[in-house]
Amino acid sequence: MQQTHNSLFIPGPTNMPDRVRSAINKALQDHRAPDMPQFTRPLLNDLKQVFKTENGRVFIFPGSGTGGWEAAITNTLSPGDKVLASVFGQFSYLWVDLCQRHKLDVQAVEAPWGEGVPLNAYREILLADKAHEIKAVLVCHNETATGVTSNIASVRELLDQIKHPALLFVDGVSSIASIDFRMDEWGVDVAVSGSQKGFMLPAGLAIVGVSTKAIAANETAQCSRCYFDFADMIKTNNEGFFPYTPAMTLLHGLRESLDMIFEEGLENVFVRHNRMASAVRAAIEAWGLSLCAKRPELYSDTTSAICVPEGFNGNDVAKLAYQKYNLSLGLGLSKVAGKVFRIGHLGSLNELMVLQCLAGVEMTLSDIGISISLGTGVAAAQQHFQKTSQPIVLKEKFNAAM
Ligand code: PLP
């Protein structure tokens with residue numbers, strides 16, 4: 001049979017709901033038309049609810065998460081500025097690399113992959129920085145390469161405790177709109193996201209939340225920037241427009257995805273992600289396998305990186321799943337290449353979709369010779385779903401027809 005449907009369980013891009021797909025399928029329109037602000041203003045405003053910011057603002061740049069990283073640093077810092085960062089996976093590493101290429105003086109603390117933000121090392125370094133030379137502290141909220149979620153509130157607490165004035169920048173590319181994120185409460189100055197994960201859209205938008213402190217820093221920051229300049233964005237957004245041609249179709253998709261998130265309820269979206277992730281974790285445990293994330297408090301509700309036993313290659317698992325079952329799983333990246341494969345469980349996802357993925361993973365693991373019993377992971381996930389489901393009252397009409 002010709003394969004048409006690829007079961008997409010990578011941690012982004014995620015499944016695009018039909019509603020979003022239809023919303024994108026629009027005739028192109030004039031982005032400088034007089035009624036454009038009626039579309040733009042509520043869109044930008046509603047994004048603030050997802051970032052949980054009242055004081056800050058959210059920008060939408062054509063781009064991807066990487067563009068959002070670049071926007072964060074070039075708008076707020078100057079070449080030679082000291083920044084504190086940490087590397088515990090491929091994405092936290094790449095952000096550091098981007099900072100270095102922009103000639104920032106990066107102190108990057110290395111932590112084992114599978115750990116989260118190294119808070120003790122951050123404390124030591126920030127305490128020693130009596131002259132407050134460190135201008136920004138970077139944290140990857142959800143390290144997609146290892147399936148680790150770090151505690152951003154604890155970083156804010158640390159900065160407040162020692163009264164360090166550094167800006168706090170957070171990579172929320174694979175957390176925002178899927179895992180609870182509180183920009184104002186956690187005192188985040190720049191929060192970076194992208195369209196292709198929790199927002200259930202194609203890649204193409206860098207969505208960036210910015211505090212008033214970060215906007216003030218923009219006035220003196222000397223890093224070169226043009227396309228991603230906050231000042232240009234503010235000027236035109238204030239009028240309800242964009243400084244250049246926006247990705248109109250994606251913006252319509254974003255409108256629909258926000259409507260869907262609000263209809264479900266943002267907090268319910270987080271609960272659903274936790275429920276899907278917990279079912280995946282139940283399956284992993286039933287298979288006798290372990291996560292790359294070292295401790296339960298680090299487990300990510302959007303991505304599970306699953307260690308394969310000695311003698312097996314995680315990338316072979318992903319390859320076989322794709323070739324035999326048309327199931328896309330995430331590869332192990334960089335330091336954990338071969339050691340893990342990943343299941344992305346974020347975005348538009350329900351119980352049966354997760355069970356389908358787990359059934360495919362089980363068959364693949366068994367095909368490859370990893371010793372698991374078929375059905376055990378699926379059963380563990382089913383049990384989790386049953387245990388945690390809301391009671392449903394059958395509708396009368398349906399009963400009558402039976
Ligand atoms: N940060 C994290 C945590 C990611 O997972 C990714 C991509 O997967 C990025 C940044 C880079 O985003 P993009 O690929 O959209 O540029």
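The values are calculated or read from the model by the stated rules, or taken from the named source; none is laboratory data. All values derive from a computational prediction rather than experimental measurement. Virtual Cβ from ideal backbone geometry, glycine too; neighbours counted across all protein chains shown. Calculation scope for accessible area: heavy atoms of the full protein, side chains included, ligands and nucleic acids excluded. Shrake-Rupley method; radii C 1.70, N 1.55, O 1.52, S 1.80 Å.
Below are the figures for this structure:
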| item | result |
| --- | --- |
| Count of residues meeting criterion [open to solvent by less than 10 Å² (accessible area, probe 1.4 Å), in a loop (DSSP other than H, G, I, E, B) and out of contact with any Phe, Trp or Tyr (no Cβ under 8 Å at 6 or more places or on another chain)] in the stretch 175-199 | 3 |
| Members of the stretch 11-21 that are open to solvent by less than 40 Å² (accessible area, probe 1.4 Å) and within 16 Å of the ligand (Cβ to nearest atom) | Pro11, Gly12, Thr14, Asn15 |
| Any chance Ala203 is open to solvent by less than 10 Å² (accessible area, probe 1.4 Å), in contact (Cβ under 8 Å) with a residue 24 or more places away in the chain and closer than 18 Å to Ile60 by Cβ | no |
| Residue match in the stretch 207-215 (condition: away from the ligand (no atom under 16 Å from the Cβ), open to solvent by less than 20 Å² (accessible area, probe 1.4 Å), in contact (Cβ under 8 Å) with a residue 60 or more places away in the chain and among the β-branched types (Val, Ile, Thr)) | yes |
| Every residue from the stretch 119-143 that is over 19 Å from Asn75 (Cα atoms) and open to solvent by less than 10 Å² (accessible area, probe 1.4 Å) | Tyr122, Leu126, His141, Asn142, Glu143 |
| Residue check for Arg255: more than 16 Å from the ligand (Cβ to nearest atom), of a type outside the set (Val, Ile, Thr) and not in a helix (DSSP H, G or I) | no |
| Elements of type strands (runs of 3 or more DSSP E) contained in the stretch 55-171, each with 1 or more residues being free of Cβ contacts under 8 Å to residues at least 60 places away in the same chain, within 15 Å of the ligand (Cβ to nearest atom) and closer than 26 Å to Leu298 by Cβ | 82-87, 134-140, 167-171 |
| Residues that are more than 26 Å from Val190 (Cα to Cα) and crowded, with 16+ Cβ neighbours inside 10 Å, drawn from the stretch 22-42 | Ala23, Ile24, His31, Met36 |
| Residue in the stretch 367-385 that is of a type in the set (Ser, Thr, Tyr) and within 20 Å of Thr14 (Cβ to Cβ) present | no |
| Evaluation of Arg225 against (1) basic (Lys, Arg); (2) surrounded by 24 or more Cβ atoms within 10 Å (Cβ to Cβ); (3) more than 11 Å from the ligand (Cβ to nearest atom) (one fails), failing number | (2) |
| Total residues in the stretch 172-196, condition away from the ligand (no atom under 13 Å from the Cβ) and of a type in the set (Phe, Trp, Tyr) | 1 |
| Selection status of Gly240, open to solvent by 10 Å² or more (accessible area, probe 1.4 Å) and at positive phi | no |
| Residue among Ile284, Ile234 that is of a type in the set (Val, Ile, Thr) and open to solvent by 30 Å² or more (accessible area, probe 1.4 Å) | Ile234 |
| Residues of the stretch 43-54 classified as surrounded by fewer than 21 Cβ atoms within 10 Å (Cβ to Cβ), part of a helix (DSSP H, G or I) and touching a residue at least 12 places away in the same chain (Cβ under 8 Å), total | 5 |
